[in-house]
Amino acid sequence: MADRVTVIGWDGSPLTAAARSALSAATLVAGAAHHLELPEVPPGAERVRLGSVGLAARRIAGHRGTAVVLADGDPGFFGVVRTLRAPEHGLEVEVVPAVSSVAAAFARAGMPWDDARVVVAHQRTLRRAVNVCRAHPKVAVLTSPGAGPAELALLLDGVHRTFVVCEELGTTREQVSVLTSDKAADHTWRDPNVVLVIGGGGGTGASVAPWLMGHDPGAASVRGWAEQSGEYDSDGRPDIAQDPTLRAVQLARLGPRSGDLVWDVGSSGGAFAVEAARFGAAVLAIDANPVAHTVAEAAARRHGVLLQTVTGRAPHVLESLPEPDVVRIGAGGVPVVTACADRRPERIAAHATTRDEAEAIGSALTAGGYAVETVLLQTVGLDPADWTERERSVVFLLTGRRTTGAP
């Protein structure tokens, strides 16, 4: 094992005295091509091109001598330190940090970033990174080949954002470009780059000093979940799907979270859509009634969250939508349930007011490859003055969980 391992962050500025001292004593230096060309790298040191960090870690673990790993930005922030310290490698490291590429990108843009979300986009995580960009008004995306500005823009189709693309930060080829997201797919971008994805509103307009890193939707919302329908304006349609107790259980069963895309099919006044967005998920509120979208958008503004409204009648309007992670079905019956199951979300929640309808929906979910849980929810509102009944709601709730290995 290496006698000493030092990880040095580099942001394009001159190396610190501590970094130069560690490099001068190194017998092995690992880094990208531009790191290995630095004049401070000892001529006699073994040089390891840093492609796979795991492979480099194994080389370092087997090296007898002093090793240095060079990395862009702060190596402890979504960087190589995590891999090098993994138990399978057994490496203890000293870290000489630098300004992170995210901090540098926001500095170039002249913007604060304590209210930003930061995500890493690889080909396997690109869709979830895009969903975070849908759900939050300020996101920094650390990109990778095949998951860069053009790919982000293509998957954000229909969602307007401003992109600040920072290419090769800290180098002589650094370039910062500001453009709208619909234009980003038409360019060829150089790696590495950081993309700041800005826009969509989502704030209340209040100038409040943040206390928590990242966008906090809860700061603009009332305390609690599944508020009474009075907290959300009505679009004029009586709808048991908006019952607060039913909504609370649907939220619990579906578990929307950051990186998810939620379909709220038959969103009505947007009560479920807004509360799913408060959990950090990206939400498509889908309804055939334009009035419903006006109501839902107003509720989203009051609660400081983002959602995208889609006008059209399900199931046909669903065909062109991006892939969902979880789906809540507020209207449409079996045809909509079948269409949603065909898109293979992890979970689907639907409801019925009669046993026959519940059996039909349950059969459609089972046929689609879902394990189905069915419960009968009954709520009775009481007047505490004399304990008389004010209102009663009875509804079947069906939750489908995608089974492993289902087609």
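Quick rundown of the values:
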read-out: Value of [θ]222 nm, deg cm²/dmol, for the chain, DSSP H segments ≥ 4, -39500 (n - 2.57) each, nearest 500; value: -7500 deg cm²/dmol
read-out: Theoretical FRET efficiency, 1/(1+(r/R0)^6), r = Cβ-Cβ of residue 16 and residue 313, R0 41 Å, to 0.05; value: 0.05
read-out: DSSP bridge orientation in the chain - percent antiparallel, rounded to nearest 5; value: 50
read-out: Label selected from [x] 36, 24, 20; [y] 39, 27, 18; [z] 49, 23, 20, the criterion being semi-axes √(5λ) of the Cα gyration tensor in Å as computed here; value: [z]
read-out: Sequence of 211, 263, 225 from largest to smallest accessible area, 1.4 Å probe; value: 211, 225, 263
read-out: Highest average packing first - 312-321, 374-383, Cβ atoms within 10 Å; value: 312-321, 374-383
read-out: Computed label-point distance, nm, for sites residue 78 and residue 338 using a 7 Å Cα→Cβ extension; value: 4.3
read-out: Added length on full extension, which subtracts the Cα-Cα distance from 0.36 nm per residue, residue 387 to residue 107; value: 94.7 nm
read-out: With every protein chain in place, the chain: carbon and sulfur % of accessible area (1.4 Å); value: 53
read-out: Long-range HN-HN contacts of residue 98 with modeled amide H, under 5 Å; value: 9, 74
read-out: Difference of contour (0.36 nm per residue) and Cα-Cα distance, residue 211 to residue 191; value: 3.9 nm
read-out: Residue-by-residue Karplus 3J(HN,Hα) for segment 6-18, coefficients 6.51, -1.76, 1.60, Hz, glycine and proline x; value: 10, 9, 10, x, 9, 10, x, 7, x, 5, 6, 4, 5
read-out: Environment charge of residue 147, counting only residues whose C-beta is closer than 14 Å and scoring Lys/Arg +1, Asp/Glu -1; value: +1
read-out: Environment charge at residue 75 (Cβ cut-off 15 Å; Lys +1, Arg +1, Asp -1, Glu -1); value: -3
read-out: Per residue value of the accessible surface for the chain (all protein chains in place, 1.4 Å probe), Å²; value: 47
read-out: Theoretical gain in end-to-end length, residue 64 to residue 356 [0.36 nm per residue, Cα-Cα removed]; value: 97.8 nm
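The values are calculated or read from the model by the stated rules, or taken from the named source; none is laboratory data. Because the structure is predicted, anything quoted here is derived from the model rather than measured. Backbone-built Cβ (ideal geometry, glycine too); neighbour counts: all protein chains shown. For the accessible areas, the whole protein counts, side chains as well, though only heavy atoms, and no ligand, DNA or RNA atoms are used. Shrake-Rupley method; radii C 1.70, N 1.55, O 1.52, S 1.80 Å.
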